[in-house]
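Just so you know, all these numbers are worked out from the coordinates, no wet-lab data involved. Source: prediction; values computed, not measured. Every residue, glycine among them, receives a Cβ derived from its backbone with ideal geometry; neighbour counts consider all protein chains shown.
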Amino acid sequence: MADETTPEFTPETLSNGEDNLPAIGLISQYVKDLSFENPNAPAIFQVQDAPQIDVQFNIGADNVGDGLFEVSLKIDVTSKTGELTAFVVDLKYAGLFGVRNVPEDQLQPFFLAEAPRILFPFARRIVADVVRDGGFPPLLLEPIDFHGLFQQQLTARDAEQAGDVVVGQA
């Protein structure tokens, strides 16, 4: 029972009783592309120096049907010891998301921040396993703050646009 300070929550429904509340759900997740290269085996296993590891990420979202979006997390890892490449991992891990009644302006934050956060632990495990299966110690990628990265992108874009306006006024 609601009092005067607590508004009653009554979800709106369509005349046919169909739910029209916003919803996003993960339908499926999968490896879209996976490549592992160990170009200097077996010589690389004789090297005792610590490797230099470069990790690159890219996030993409594509509308693949009515209310269906594929969000992909691309992870490229290169490990080098001196001039020798120890290994290269290229992984494209994706999730299929169903979207219903979500405002257009809310999709980008979900696809570029929340969806990668959901997919990352699974992609991280795949990278660790394939590196281990390639003969190296498992590579455990550090957790990533996708929400923070998205906010940084927005801030940088806003600053760039503000700079463009200032330049245009000069």
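Normalised radius of gyration (Cα atoms, divided by 2.2 N^0.38 Å) for the range 98-170: 1.64. Here the average projected area of the convex hull drawn through the C-alpha atoms of the range 45-93 stands at 3.9 nm².
At 20 °C and a viscosity of 1.002 mPa s, what translational diffusion coefficient does Stokes-Einstein give for the range 23-158, taking Rh as the Kirkwood radius over Cα pairs? Give it in µm²/s as a whole number.
On the way: Rh = 16.4 Å.
In µm²/s, the coefficient is 131.
Take every pair of alpha-carbon atoms less than 8 Å apart whose residues are at least six positions apart; their mean separation over the length of the range 23-158 yields a relative contact order of 26 percent.
Charges were assigned to the Cβ only: +1 to each Lys and Arg, -1 to each Asp and Glu. The resulting dipole of the range 58-112 about its Cα centre is roughly 180 debye. The charge dipole of the range 23-158, taken about its Cα centre with unit charges on the Cβ of Lys, Arg, Asp and Glu (plus for the first two, minus for the last two), comes to roughly 260 debye.
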